[in-house]
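The values are calculated or read from the model by the stated rules, or taken from the named source; none is laboratory data. This is a predicted model, so every value here is computed, not measured. As a convention, Cβ positions derive from the backbone with ideal geometry for all residues, glycine included, and neighbour counts pool all protein chains shown.
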Amino acid sequence: MNIIAPSMLACDFGNLLSEIEMVNNSEANWFHIDVMDGVFVPNISFGTPIMKVLKENAKKTLDVHLMIVNPVLIENCNVFMKEEFLGIFG
């Protein structure tokens with residue numbers, strides 16, 4: 001089975017709720033979420049506030065990749081640690 005997981009990095013953050021709803025209503029299987037801290041990898045993505053919105057509104061599996069130096073120190077780490085699929089790179 002192929003899994004379709006659109007990356008939320010490509011969404012319009014000014015219309016985050018409508019972007020989430022679009023994925024909810026699509027044939028996609030999961031939401032793909034890359035969390036980057038600007039240290040482990042040179043890019044910075046989103047953190048706890050965006051994850052809270054995603055968790056409250058996404059009706060599909062969240063596939064979260066933590067590309068951060070120290071996941072234990074991240075603010076409200078439990079927001080990230082309860083996902084069905086969680087990848088920690090280190």
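Every residue, every condition in (1) under 13 Å from the mean Cα position of the chain (by Cα); (2) outside any strand (DSSP E or B); (3) of a type in the set (F, W, Y); (4) surrounded by 13 or more Cβ atoms within 10 Å (Cβ to Cβ), yes or no:
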site: I3; (1), (2), (3), (4): no, yes, no, no
site: N15; (1), (2), (3), (4): no, yes, no, no
site: I20; (1), (2), (3), (4): yes, yes, no, yes
site: H32; (1), (2), (3), (4): yes, no, no, yes
site: V35; (1), (2), (3), (4): yes, no, no, yes
site: F40; (1), (2), (3), (4): no, yes, yes, yes
site: L54; (1), (2), (3), (4): yes, yes, no, yes
site: L66; (1), (2), (3), (4): yes, no, no, yes
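Checking each residue of the range 56-67 against the condition of being without any contact (Cβ under 8 Å) to a residue 12 or more places away in the chain and not charged (D, E, K, R) gives no match. Of all residues in the range 11-21, those being in contact with a helix residue (DSSP H, G or I) (Cβ under 9 Å, 6 or more places away or on another chain) and either closer than 18 Å to I44 by Cα or touching a residue at least 24 places away in the same chain (Cβ under 8 Å) (or both) number 7.
Of all residues in the range 39-67, which are β-branched (V, I, T) and at pLDDT below 80?
Those that are β-branched (V, I, T) and at pLDDT below 80: I44, T48.
Among the conditions (1) modelled with pLDDT under 80; (2) in a loop (DSSP other than H, G, I, E, B); (3) of a type outside the set (S, T, Y), F80 misses just one, which is (2).
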